[in-house]
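Participant: This is the structure I want to talk about, given as structure tokens.
Just so you know, all these numbers are worked out from the coordinates, no wet-lab data involved. All of these numbers come straight from a predicted model, not from anything done at the bench. For neighbour counting, all protein chains shown are included, and Cβ atoms are generated from backbone atoms with ideal geometry for every residue, glycine included.
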Amino acid sequence: MDAMTFVLFGATGDLAKRKIFPAIYNLYVDRKLPESFQLIGLGRRKLSEDEFRGQVAQSLRAFSRRTTSDEATVRDFLEHIGYTELNVNELSDYAKLASRIEEREQRFVLPENRVFYMSVAPELFGTIVANLQESGLSRVSGWKRLVIEKPFGHDLESARVLNASLAQAFEEKEIFRIDHYLGKPMVQNLEVLEYSNPVLQALWRNRYVANVQITAAETVGVETRAEYYDHSGAVRDMFQNHMLQMLMMLAMQLPKHSTAEEVGFKKRKVMEALRPLQQEGVEANIVRGQYTAGQIGGQQVAGYTEEPGVNPASTTDTYIAARLWIDDYFWSEVPFYIRTGKRLAGKSTRIVIEFKDPADKFSRTNEATAPNLLTIDIGPEAGMTFQLNMKNPLNGKIEPVQIHTAVDEKDIPEAYETLIADMMRGDATFFAHWDEVELAWQWVQPILNAFERNELPLHAYPAGSNGPEAADRLLEQDGFHWWHDEPQAKSQEERKLAETAGVQV
Ligand SMILES: NC(=O)C1=CN([C@@H]2O[C@H](COP(=O)(O)OP(=O)(O)OC[C@H]3O[C@@H](n4cnc5c(N)ncnc54)[C@H](OP(=O)(O)O)[C@@H]3O)[C@@H](O)[C@H]2O)C=CC1
Ligand SMILES: O=C1O[C@H](COP(=O)(O)O)[C@@H](O)[C@H](O)[C@H]1O
């Protein structure tokens, strides 16, 4: 890996503390950083180098996956870290930064390879890029890379404006838009699963798949982020980025090579084939929800509008469910259901692929069978379950069985670790490319408009539940239901029969 200088804007902030420094430290311990590596942290706070290093050491102790009990390793790591005060709005501060970087590049004989990582509020991205250009910091004899955190814009228009401002100083191949879901091992595994299992490859299409469900359920509420979240909601915070990225990774046709260009191309094809939501189709396919007071893990918790910092009259969505259709050769007529929400019953990000029932019953017994299900757990547990049917030798009945494999998320590299290492190697395969981001905003825009005009009901759901009942009806209309945590054994036909008879299954 090339030697480099890593310039971290927002080095005193929450994300740097909880994710970025621990990830870089883990890479250091695993010997995945270049031999010559210098990091310069930036912020407005007046801090000496020692004070800053002390803060970084604390964050490693609190959040690193790797042990920090070896003082010498932590000390050696901190040797690579410096701090410079900088106000992103002050051009003169960039001149000081430039001399600091150049001084270190000379002292440590580093080539002019520079990473500019923006862990600051999105409103500052444009100013930083303009000042990097104005100050000459982005003119290098080696390579330069810009890493940018979400949210990438607030809607289609603002995302386009932001992208144009970045493009003044950085080429698309130099921009790494982080979507941490793309760094999750099981999201990266989707491509591998299909590629390395001919059985799955053969089934990955509308002939065999009845529906696909993608869920990201959280138990946490808005926490301390009301200022951001109340202007964002689940649609911008999770749906436009993480949820649509998971959809792309699942539904894309396998590229010949897993390169940034080819994966990006295949993902774009999915977004282009996504049936556009007409304004009048929003209500039929989208469910908007907001949590009210309830119980999570036996604890009473407040409703969204009672949370500190939230406007008591807020209509912000803390839950969204959607039905989408991909009108291409492989997926036409397969509904994709996507939902995400805060303060739900459990923390679980998962994809369930429900396969179609066989056309004929097992001839000897005429028994209805449970559907085959492939469940891909993205987190907190990473794993996979395949539900098949077999005859129970004890009672002679056909019953569903689950083949299950799992790894605890804490035993495997954290998404930020994987993504930062990829970026350092210059590999943008698991980053969000502009085309995808733009197409995602384009698809979501009618939803944003409908929410803004309050055209959709805002369904209340109690904290600790599975979300609004309206989201269940979205699937019931098509003869399906959400697969929650419990293994389910009812076939599509049994469900339809039971519904006709008014029985809850
Ligand atoms: N926290 C999280 O879990 C996540 C955050 N993000 C994104 O990451 C980015 C950072 O978020 P987060 O760390 O939570 O934010 P914080 O508010 O905790 O930190 C903001 C950082 O920006 C710096 N900063 C603010 N204004 C200026 C300025 N004028 N000049 C120089 N530095 C400035 C602050 O330093 P100082 O006060 O010293 O000036 C601080 O280091 C945001 O884009 C956010 O949306 C994305 C996903 C998750
Ligand atoms: O980006 C975000 O993601 C988290 C959920 O991430 P996970 O890795 O814990 O599934 C979410 O809580 C947050 O609101 C959002 O900004």
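Participant: Round to a whole angstrom and tell me the spacing of the C-alpha centers of the range 369-393 and the range 141-158.
Facilitator: 38 Å
Participant: Another question, if that's okay. Over the Cα atoms of the chain, each weighted equally, I'd like the Debye log10 I(q)/I(0) at q = 0.10, 0.12 Å⁻¹, rounded to two decimals.
Facilitator: Reported log10 I(q)/I(0), two decimals: -0.84, -1.17.
Participant: Give the order of Asp237, Asp411, Asp327 when sorted by the count of other beta carbons within 10 angstrom, beginning with the fewest. If you can, show how the numbers build up before the last one.
Facilitator: On the way: Asp237 22, Asp411 8, Asp327 12.
Lowest count first: Asp411, Asp327, Asp237.
Participant: In deg cm²/dmol and to the nearest 500, what is the mean residue ellipticity at 222 nm of the chain if only DSSP H runs of at least 4 residues count, each as -39500 (n - 2.57), divided by the residue total? Intermediate results must be reported in sequence, preceding the final value.
Facilitator: Numbers: 16 runs with 167 residues, N = 505.
Only helices count here, giving -10000 deg cm²/dmol.
Participant: Another one. Give me Rg over Rh for the range 1-84, both radii from the alpha carbons and Rh done the Kirkwood way, two decimal places. Present the calculation step by step, with values, prior to reporting the outcome.
Facilitator: Values: Rg = 11.8 Å, Rh = 12.7 Å.
Ratio of gyration radius to Kirkwood radius for the range 1-84: 0.92.
Participant: Using the count of nearby Cβ atoms within 10 Å as a rough guide to exposure, how do Leu33, Leu47 rank from fewest to most?
Facilitator: Details: Leu33 23, Leu47 18.
Final ranking by Cβ density, sparse to dense: Leu47, Leu33.
Participant: Mind putting a number on the dipole of the chain about its Cα centre? Charges go on the C-beta only, +1 for Lys and Arg and -1 for Asp and Glu, and I need it in Debye to the nearest 20. Working shown, then result.
Facilitator: Values: 55 positive and 73 negative charges, 120 e Å.
It comes to approximately 580 debye.
Participant: Hey, with R₀ at 30 Å, roughly what FRET efficiency would Ile398 and Asn206 work out to, going by the Cβ-Cβ distance, to 0.05? Walk me through the intermediate numbers first.
Facilitator: Working: r = 26 Å, r/R0 = 0.86.
Efficiency, from the Cβ-Cβ distance: 0.70.
Participant: If we count every other residue with Cβ under 11 angstrom of Lys150's Cβ, Lys/Arg +1 and Asp/Glu -1, where does the sum land? Let's see the in-between values first.
Facilitator: Numbers: positive: Arg177, Arg236; negative: Glu149, Asp179, Asp237.
Its environment carries a net charge of -1.
Participant: How large are Rg and Dmax for the range 4-149 when calculated on the C-alpha trace, in angstrom?
Facilitator: Here Rg and the maximum Cα pair distance are 14.6, 44 Å.
Participant: Still on this model: At 0.36 nm per residue, and after removing the present C-alpha to C-alpha distance, how many nm does the segment from Glu227 to Glu157 gain when stretched out fully? Kindly include the intermediate steps, with their values, before the conclusion.
Facilitator: Working: separation 70, 0.36 × 70 = 25.20 nm, distance 2.16 nm.
Gain on stretching Glu227 to Glu157: 23.0 nm.
Participant: How much of the pair distance distribution for the range 222-326 lies past 22 Å, counting alpha-carbon pairs only, in percent? Write out the running numbers ahead of the final one.
Facilitator: Values: 2604 of 5460 pairs.
In whole percent, the share of Cα-Cα pairs in the range 222-326 beyond 22 Å is 48.
Participant: Hey, another quick one. Can you check how the C-alpha radius of gyration of the range 291-397 compares to 2.2 N^0.38 Å, as a plain ratio? Walk me through the numbers on the way to the answer.
Facilitator: Details: Rg = 20.4 Å, N = 107, 2.2 N^0.38 = 13.0 Å.
Normalised Cα radius of gyration, the range 291-397: 1.57.
Participant: Grab the other residues whose beta carbon is less than 13 angstrom from that of Ser69, score K and R as +1, D and E as -1, and report the net. Walk me through the numbers on the way to the answer.
Facilitator: Values: positive: Arg61, Arg66, Arg75; negative: Asp70, Glu71.
Neighbour charge sum, excluding Ser69 itself: +1.
Participant: Whole Å is fine, so just give me how far the alpha carbon centre of the range 87-137 lies from that of the range 420-462.
Facilitator: 29 Å
Participant: Considering only DSSP states other than H, G, I, E and B, which GluC sites (Glu not before Pro) in the range 196-232 qualify as loop sites with at most 14 other Cβ atoms within 10 Å?
Facilitator: Values: sites: Glu218, Glu223, Glu227; in loops: Glu218, Glu223.
Loop-located and lightly packed - Glu223.
Participant: Right, next: From largest to smallest, what semi-axes in whole angstrom does the range 372-483 give when each is the square root of 5 times an eigenvalue of its alpha carbon gyration tensor?
Facilitator: Working: eigenvalues 226, 168, 40 Å².
The three semi-axes for the range 372-483 are 34, 29, 14 Å.
Participant: How big is the Kirkwood radius of the range 445-485, worked out from every pair of different alpha carbons and given in Å to one decimal? Can you show the working numbers first?
Facilitator: On the way: mean 1/r = 0.0831 Å⁻¹.
The answer is 12.0 Å.
Participant: Using DSSP to call loops (not H, G, I, E or B), can you name the trypsin sites (Lys or Arg not before Pro) in the range 416-479 whose Cβ has at most 13 other Cβ atoms within 10 angstrom? Write down the numbers at each step before the final one.
Facilitator: Values: sites: Arg425, Arg453, Arg473; in loops: Arg453.
Qualifying residues, ordered by number: Arg453.
Participant: Can you pull a Stokes-Einstein diffusion coefficient for the range 167-290 at 25 °C (0.890 mPa s), Rh from Kirkwood over Cα pairs, as a whole number of µm²/s?
Facilitator: Details: Rh = 17.1 Å.
Diffusion coefficient, whole number: 143 µm²/s.
Participant: Provide the gained length on full extension for the span Glu367 to Asp408, in nm with one decimal, where the gain is 0.36 nm per separating residue minus the Cα-Cα distance.
Facilitator: Numbers: separation 41, 0.36 × 41 = 14.76 nm, distance 3.70 nm.
Between Glu367 and Asp408, full extension yields an extra 11.1 nm.
Participant: Also, I was wondering about something else. Enumerate by residue number the chymotrypsin sites (Phe, Trp or Tyr not before Pro) in the range 293-357 meeting two conditions: DSSP loop (anything except H, G, I, E, B), and at most 10 other Cβ atoms within 10 Å of the site's Cβ. Before the final figure, lay out the partial values.
Facilitator: Details: sites: Tyr304, Tyr319, Trp325, Tyr329, Phe330, Trp331, Phe336, Tyr337, Phe355; in loops: Tyr329, Phe330, Trp331.
Filter output for the range 293-357: Tyr329.
Participant: How big is the shadow of the Cα convex hull of the range 117-204, averaged over all directions, in nm²? Kindly include the intermediate steps, with their values, before the conclusion.
Facilitator: Details: hull surface 32.2 nm².
Projected area, direction-averaged: 8.0 nm².
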